[in-house]
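Worksheet for the structure shown next.
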Amino acid sequence: MQISITHKKRNLISLTPLIDVVFILLVFFMLVTNLSRYASVSLNVAQDEEAIDLEQTSSIIEISSEGKIDFDQNEIEISRLKQLIQKKIQKNSKHIFFIKPSEQTTIQNTILVLDELVPIAPNNISFLRGLTDDSK
């Protein structure tokens, strides 16, 4: 009596489709990945009136909804802002500039002020928020 043992033939996994899938994934991730680097500026935000120290070593830059700029309660043109900032920094390198945009101020107007401030005093900038001016 002979029992024949049948050997099952193993199916080999083809690597060609696997390589195709890996290549497609590689192309996908190359297309969706953004490789540009963004420059960031750290800004300190004061939380309330008690956290703000308004000594003589600070200035408030108010930005109205119309884009008008008040530097220490004096209305100025954006072109003069850089000059005033440089004077303050020359007197005191730790002079703090508080930026106070009104609620209706556009982001573009705030960015224009930041463009003048950041090159001269990148670490001396803070935003004021949630403070209402009842005198107006």
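Assorted remarks:
- Of the peptides 83-90, 94-101, the order by per-residue mean of other Cβ atoms within 10 Å, starting with the highest, comes out as 94-101, 83-90.
- Amide H contacts of residue 58 (H built 1.01 Å from N, under 5 Å, at least 5 apart or other chain): 96
- Neighbour-count order for 93, 58, fewest beta carbons within 10 angstrom listed first: 93, 58
- Basic side chains Lys and Arg get +1 at the Cβ, acidic Asp and Glu get -1 at the Cβ, and with that the dipole of the range 75-125 about its Cα centre reaches some 360 debye.
- Whichever lysines have a C-alpha closer than 27 Å to that of residue 68, once near sequence neighbours (fewer than 8 apart) are set aside: 82, 87, 88, 91, 94, 100, 136
- Protection-proxy order for peptides 63-70, 19-26, 4-11, 109-116, each taking the mean of Cβ atoms within 10 Å per residue, highest first: 109-116, 63-70, 19-26, 4-11
Just so you know, all these numbers are worked out from the coordinates, no wet-lab data involved. Predicted model only: the values in this text are computed from it and were never measured. Heads up, the Cβs are rebuilt from the backbone with ideal geometry, glycines too, and the neighbour counts pull from every protein chain shown.
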